Structures are given as structure tokens and as C-alpha cells.
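Please treat every number below as a calculation from the coordinates, not as lab data. No experiment lies behind these values; they were computed from the predicted model shown. No Cβ is skipped: glycine too gets one built from the backbone with ideal geometry, and neighbour counts run over all protein chains shown.
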Amino acid sequence: MNLYAAVIALITLTLLGVSLGRLGSVKTKADYLVAGRSLSAFVLVFTLLSSWIGSGSLLGGAENAYRHGFPALWQPAGGWLGLLLIVFIAPRARHFARYTIPDLLEARYNQAARVLGVVAILLTYTAITSYQFIGGGDILHLIFPTAVTPILGRYIIAAFVILFTAIAGMSSVAYMDLFIGLLATSTLVVALPVLIHLTGGWPVVRSALPTSHFQLFGDFTPIQALELFLPTCLLLLGNQSMYQKFFSARSEKAASQAVVGWIIGTVILETIIVAIAVTGSALFPTGEVAHAPREILAYVGLHAFSGDQAALSQPSGAGLHAFSNRNPLLTLLGALLMGAIFAKIISTANNWLFSPATNIVNDIYVRYISPEASNKRVLIISRLTVVLLGIWSLYQGLHAESVLKRALYAYTIYSAALTPVILAAFFWRRATASAAVASIAAGTVVTVTWETLTPHLPSVLAARDAILPALAASLLCLVIVSLLTRRPDAMHLASLGEA
């Protein structure tokens, strides 16, 4: 256990060192918000990977895989399709070179679209940050079960994240992500084949689990698979954190190159995460982790590699070989796996906390309250905003338990409210300002009120998640209102660089 604590402490100190090391380079608003538009393709790949693969994958996705097997890949697969489409979006996004998505919404549409965009982003991003705190608290509780409760762990993680994020902004986030991405990628790639070998081989894993765990849909209906697929795909296509990374790139070419590496890394890592969770479900089918399956990756790192025979709840077919011939290198691998998960959660929380803070500063404070604010004042307000939003995210994290449910709620708000109008800004000249406002409002309202509405709806609708009705409402408003209102001014579109 001392080794696990030492790895976590070393990672925390390294992240703090990276943040403090970048502090001297932050002197202006552009330095803080978009790293001075200086990020190379190599740095971008790992900061994109680290911002995307966090608790949603490591906890929510792993929980889904523990319960349902490989059909859980429907959720990350939505992101994979989104990534393929982003190959065509990244250079255009860098060409716009704004600070935030609401910047883009006002430039393409109007001020009302900017304000509604800020509201949707705040609802989404603080919700996502909140379940990073849940995940980090779980990790600390697993390592220090008597000293740190899951709730206390959430407070500790929130303090870390707020400090790291406030120090140096995008520059801090990006270079922390570089370290974390390298650590997590190498550890996960090594851990999976070693775990399968220790379990007795892949045939043992298959024989210990239901056949449905290895089918295309498994326990899911096609509609349920679509409800996992769509929110992830649409969130990624409109993800402000991603666009801020593109805005931070040193060139359009660097943004395009980064997407290629991001696609490869995401497909590999998310498949490995699901495979580790599936293997873990064969090793630990009952017991403590069965009641908290979102912890399966960390549980594997803590117990499977350390040779904890007591943790093996049913040592039948799977698991007999897993606890023999233990050696210190395997324990170190388990500690590194736990550390990589912890670091990934920290990284993702940094990204999703930093992004809405830029909205408050750039889209509200600088835009409406103090347009002439000095760089020094903007930096002070930016750091204060990070602290306040971090506290609000922590409050949400203290009143939520299901990471998967929280993730799908957050993804749906963004997917329905913002992704359609963002893509229309890039690719549909006919989209109008009135339509964008109606689309954002419809997507947000339907998502937020869906659980309240479902008891009053027909059962065929009440059984559905919010994504399909919210997306339908958003798209209908965008298309119908655009066709019923005056075309955007051609000169205005030309000034934005649209063909």
C-alpha cells in the first residue's frame, strides 16, 4: 500500500511542478486562455487524449463494460465516428481562431446565441467536472480505506484540481496533459496483456462470462445502443474544450496532424479500458466491486496485480492462475495503473473546469462588464472564476452517485443544445441567428426538464433517454426557423472566412 501512496504522491508533485513551471509564461489573456496559440501537434495529441478520456471512460464506461461486456463499446464508438468527422473540422476551427465557442456563436449568429451558449456550457462542463471529483475520491478511498472516505476524497481532489487549473490556465493544462497522456497510454497498453495472462488466458475469461458480453448488442437493444452512441458522438463534435485546443494550435496544419494521433490513441485506449473492465468482471464477479462496478479498473490495479487472494470472491475458472507467482514488478505495474487512472481523472477535471471558466471571463466579464480590463485584471478574474466553478462542481459531485448517468446527462445537454449550431456555423451558410437561438434553447430545455416530463408522457417516450427528443427538437428548430427567416448577410459570412 505504501507503494501505491508513493506513486500517487509522486504524480501529484510532478503535476504541481509542471503547473508552476508554466506560470512564468502566462502574462496575457491569450497566454492564459489559449496558451499563446503556440501548441505543437505532439502536445496537442496528448492534451486532446487526456481531456477526452477521463472518468466518463475510466469509471462510467468501465462500469458499463463490467455489467454488459464489449457492447459497452457503443458509447466510445460514438466518439470514434466524431473523430473521423473532426479531421475535416479541425483546420476550419483553427482558421476561426477564437477563444471560446460562444465567441464563435456571436461572430456567426448574435449575442443571444453567445449567452445561451454560455448557459449550456456551464451546465454541461460543471456536471462533467463533478463526476471527475467522484472518481478521484473513489481512488483515494481505495488506497487509503480507513483514512479517506469517498466524500473526503472528493474534497481533496477538488482542491488539487482547482489549484492546478488556476495556476497557469491552458498552458498548465496542456503540458500536464502531455505527462499524463504518456503515463496513461504506456501503462494501459502494458497492463491489459499482463492481466489476461495472469487470469489464465483469454479462453478462461470468455468461459467465465455470459455469451452476451461478446456480442454486437449483447443486453442492449439497438435503440439503447444508439442512446449511448449519439451523445458521445455529438458531444465530441461540438466539444468546446477540443475547439480551445485547436484555437491554441500554432497552425492549421498542427491542428489537423493532432487529430490523426488523437483518433489512433482514442480507439486503442478506450478499447483497452473496456477489455480490462471485462477481464476484471471475470476475476471479481461478486463482492465489494460488484456493488460499485465503476471502480473496477482501480480495483484491478489495487488487487489483481498485488496478489490479493482475499479480494478474489469466486476463484473458480477465472482467477486461479491470477494469484500465483507474484513478483514486485507486477505490484509496481498495479500501482502505476492506479496512478495513471488517478492522473487521468485529474487531467480531465482540469480541462472541463478550465473551459467554462474561460466562458465566464471572456464571454461575460470581458464582453459585457469590463471590456477594457487589463491583462493583469483578466488573469485575476480568471483564477477566481476557476475557484468558484470548482466549488460549484464539488457541490454537484457531493449530491450525485452514478457517474454513467451523470455523464449521459451532461453529454446530452451539449449534444442537443450546441453541436448542431456549431456544425451549422462551419458548414451551413443558410443557418440564421434566430434559428440558432431557438435551437440552443430547445435542446437545453428538453434535456433539463426531460425527467420531470416523462411521468406525463406515453410509455413509449417515457422509457427513452433525453438524447433523441432533445436532439430532434434542436434540429427541427434549427432547420425550420432558418428556412422561415432571412438568409445571413453574404458579406458577413465572407468576413468570417466562409466560402
- line: In order over the range 437-450: 3J(HN,Hα) from phi, Karplus 6.51/-1.76/1.60, θ = phi - 60°, whole Hz, x for each Gly or Pro, gives 4, 5, 5, 4, 5, 5, x, 5, 5, 4, 5, 5, 9, 4
- prompt: How far is helix 41-52 tilted off the main Cα axis of the chain, in degrees rounded to 10, range 0 to 90?
  reply: 70
- prompt: What does the charge add up to near PRO231, with Lys and Arg as +1, Asp and Glu as -1, over the other residues with Cβ less than 13 Å from its Cβ?
  reply: +1
query: What does the charge count near ILE162 come to, summing +1 for each Lys or Arg and -1 for each Asp or Glu among other residues with Cβ under 14 Å from its Cβ?
result: +2
- line: Quick shape check on the range 122-273: root eigenvalues a ≥ b ≥ c of the Cα gyration tensor, a/c under 1.5 is rounded, otherwise prolate if a/b tops b/c, else oblate, and it reads oblate
Over the chain, relative contact order from alpha-carbon pairs under 8 Å, at least 6 apart, %: 29
statement: Among (1) 80, 49, 44; (2) 69, 56, 48; (3) 72, 57, 39, the entry matching Cα extents along the principal axes in Å as calculated here is (3)
task: With a/c under 1.5 counting as rounded, go ahead and sort the range 423-499 into rounded, prolate or oblate using the C-alpha gyration tensor (a ≥ b ≥ c being the square roots of the eigenvalues; past the cut-off, prolate if a/b is larger than b/c, else oblate).
output: prolate
query: What order do you get for VAL87, VAL448, VAL205 when you list them from fewest to most C-beta neighbours inside 10 Å?
result: VAL87, VAL448, VAL205
query: Separation of the range 333-355 and the range 458-493 by C-alpha centroid, Å?
result: 36
message: Helix-only mean residue ellipticity at 222 nm, the chain, DSSP H runs n ≥ 4 weighted -39,500 (n - 2.57), per residue, nearest 500. What is it?
response: -24000 deg cm²/dmol
message: Given Cβ point charges of +1 (Lys, Arg) and -1 (Asp, Glu) and nothing else, what value in debye, to the nearest 20, does the dipole of the chain about its Cα centre take?
response: 1240
query: Once you charge only the Cβ atoms, +1 for Lys and Arg and -1 for Asp and Glu, what is the size of the charge dipole of the range 323-416 about its Cα centre, to the nearest 20 debye?
result: 140
query: Which distance in Å, rounded to a whole number, links the C-alpha centroids of the range 193-229 and the range 363-390?
result: 48
Local electrostatic count, ILE139, Cβ distance below 13 Å [Lys/Arg +1, Asp/Glu -1]: +1
message: I need HIS456, HIS492, HIS68 ordered by Cβ neighbour count within 10 Å, fewest first.
response: HIS456, HIS492, HIS68
statement: Expected sort for VAL190, VAL274 with the fewest Cβ neighbours (10 Å cutoff) up front is VAL190, VAL274
message: When a/c reaches 1.5 or more, the comparison of a/b and b/c decides; with that in mind, is the range 178-224 rounded, prolate or oblate per its Cα gyration tensor?
response: oblate
